[in-house]
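Take a look at the structure set out below.
Derivation of every value follows stated rules applied to the coordinates shown; laboratory data play no part. Just so it is clear, the model here is predicted, and its values are computed rather than measured. A quick note on method: Cβ atoms are made from the backbone with ideal geometry, for glycine too, and the neighbour counts reach across all protein chains shown.
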Amino acid sequence: MSSQLDHSDMLQTMLAERFHLGMKRVLCLPDIKHRRALTYNSVMRFVTLLAGLVTLSASLSAQLAPPPAPWRGAGPTPCVLPDGGFYKCPTAGKVIVIRAGRLLDTNTGRLLANQLIVIQGERIAAVGAEGSVKIPAGAEVIDLRRATVLPGLIDGHTHMFNSRSPKTTTEQAMLIAVQNAQADLKAGITSARDMSSHGNGYADVEIRDAIRLGRIEGPRYQVATRGIVWAGASNARPGNPLEAAVVRNPEEARAAVQDQIQHGADWIKLYPAGGYSFSPEGKDQYEVTYPLPVLEALIDETHRAGHKAACHVYGGEGQKNAIVAGCDTIEHAFGLNQEEANMMASKHLFYDPTLVRYTEPYMDDNDEKNTKGKYRIIPIFEKAASLGAATAGIKVMMGSGVDGSTFPHGAQALEFEWLVKRAGMTPLRAIQAGTVVNAEVMGWSKDVGSVESGKYADVVAVAGNPLIDITELQRVMFVMKGGKVIR
C-alpha cells in the first residue's frame, strides 16, 4: 500500500510542477492580450489535471489492486471505472423484444410488416417476422405494432457547444453542451459527428468520453475538436488558443493535425473557403483561405494518420481545392457546379449540404442588408444542393449544423424535410442519408445505421409512415440507444 501512496505523491508533485512551469511561461509573455488568453487556457488545462489528481491516484491504486475482498466500503462490491473511482456496478443487460408494426430496412428500402427485434444487453440479437423469431422466456416486450420503427438517426454535422462568448465560463459551456447532447438524443439522434467545439478547445473530447463511460446521456459522438484555419483568413484568432489552431505553412499544418489527433480528435475540420459576397454584376464569389500546398499537407497528414478530414467550404477556388485535394466530406458548398460534383463522385467524396442552416430567413436578412435586396444566396445554394443530389455517384449526408443559435438542438429532423423538398431527394434516400450513409462515412457501418443482428440496439419509432410523409421524423415518439429506452 505504501508504494501506491508514494506513486500517487510523485504524480501530484509532477503535475503541480507542470502547472507552475506553464504559468511561468505565460507570465513571461510581453503582450497582455496573449497573456490573458494563454493564462485562461493554461488555468483550464492544468486545473483540469489537478482536479483529477485524486481520481488519477485512485485509478493507479485500482489498477494495482482490485477493491478489497471482502469489500469494506459502503454497499455491495463496486465496479472501478478508468478514473479510479468506485461506482455501483450496472445490472446485467436484460432481454427486450420490440414488436414493430412496420420496420424500415434502410439497406434495401423495404418496409417490413410485423417484425420482432430481440435485444440482449446493448446489441440486437435477432430480427425477423413474427413466427420466425422466438420471444425468449422472461423477455420484456415493447409494443410498437402501431408504429414505424427505424434505426437510430445519425446527424453528420452538429456543434454540441454553442459559440463561446467572452463571458461564458467553462462550467457554463460544458453544461450547455450536455443539455444540447441530451436534446439531440431525445429527438432520436443516437449517433452524431460533431464538427468543432466552437471556441471550447478540446472539451468535445470530454463530452464524447463521458457519454461512452455512461456518465451522461447523449449520442455516440465522433468529434473534430478545434479545427485548423489559415493565418490570413478572416476566422483566424491566434490570440485565443481555445479557438481553432492557426497555421502559416505546410510544416505547421502537419504539426497541427498531429496535435489535434493526440488530443483525441476523430475528424480534422478544415476551412478551405470562407465567406461569400456578390460582384457588382451579382456573381457569387468566395474567400480563398489555405494555399493549395497547405491544404494538401493538411489532408495528406490526416489520411496518413488514419483519420478523415471535413472541409467547410461555401464555393469558389477554395472549394475546388478541397475537392482536388480529396477532402473526405464537402460541407455546405453553396456554389457547387457540375464539374466539381462530377469530380466529387469520381473521388468518392461525401456531400453534406446542411440545407436548413443556410436557408433560414436570417440569410435573406443579411443579403438584404449587404446588397440592398439585389442578390440572394439561398436560390444559388438550393440549386447547388439539387445538383449535388442529382449527380450519379455522390452520396449525400444528413448534416444539420445545429449549433444552439439559429438552429436549436433537437430540431434537426427538419433537415430530412429540406433534403426532400429543396434538394429533390426521395424520402427513402433522405432517411438513408441520416442512417446508412452517415454510418458509412463515420466508419461505423458494422455498429449503427440499420436494424440488424449484431448492431447496437439504437432504435426510433414514429406513428406514421416517413416514406409517405418525411415530417414524421420530426415527431419521434420512441427512442432507444444501446438497449436503453430514452423516451
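Based on Cα contacts under 8 Å between residues 6+ apart, the chain shows a relative contact order of 15 percent.
The modelled label-to-label distance between residue 111 and residue 213, using points 7 Å beyond Cα along the C-beta direction, is 4.4 nm. In straight-distance terms, cross-link reach from residue 374 covers every one of the lysines whose alpha-carbon lies under 17 Å from its own, apart from those fewer than eight places away in the same chain; here that gives 283.
The alpha carbon centroids of the range 358-434 and the range 237-275 are separated by 27 Å.
Near residue 347, which aspartates and glutamates are there with a Cα under 13 Å away, not counting those fewer than 8 places off in the same chain? Residue 347 reaches 328, 339. Given R0 = 22 Å, the distance between the Cβ atoms of residue 237 and residue 259 translates into a calculated FRET efficiency of 0.85.
Only one of the values (1) 24.4, 81; (2) 23.2, 73; (3) 27.6, 121 was calculated from this structure for Rg and Dmax of the Cα atoms in Å; name its label. Answer by label: (1). Full extension of the chain between residue 171 and residue 285 gives 37.1 nm of extra length, using 0.36 nm per residue less the Cα-Cα distance.
Could you give the Stokes-Einstein D for the range 186-229 in µm² per second, using the C-alpha Kirkwood radius, 10 °C, 1.306 mPa s? In µm²/s, the coefficient rounds to 147.
Computed extension gain for residue 129 through residue 383, at 0.36 nm per residue and net of the alpha carbon distance, reaches 87.2 nm. Here the simple spin-label model places points 7 Å from the Cα toward Cβ, and for residue 374 and residue 469 these points are separated by 4.5 nm. Please give the FRET efficiency for residue 346 paired with residue 88, using the beta carbon to beta carbon distance and R0 = 41 Å, rounded to the nearest 0.05. So, using R0 = 41 Å, E works out to roughly 0.15.
Note on the range 200-319: Kirkwood radius taken over Cα pairs, Stokes-Einstein applied at 20 °C and 1.002 mPa s, translational D equal to 141 µm² s⁻¹.
Projecting the Cα atoms of 299, 267, 151 onto the charge dipole of the chain (Cβ charges, centred on the Cα centre) puts 151 farthest toward the positive pole.
For the chain, a crude dipole built from +1 on the beta carbon of Lys and Arg and -1 on the beta carbon of Asp and Glu, taken about the Cα centre, is about 820 debye to the nearest 20. Computed over Cα pairs, the Kirkwood radius of the range 69-143 leads via Stokes-Einstein (1.002 mPa s, 20 °C) to a diffusion coefficient of 141 µm² per second. By other beta-carbon atoms within 10 Å, ranking 334, 381 with the fewest at the front produces 334, 381. Just so you know, the Rg over Rh for the range 363-487 is 1.03, from Cα atoms, with Rh as the Kirkwood radius.
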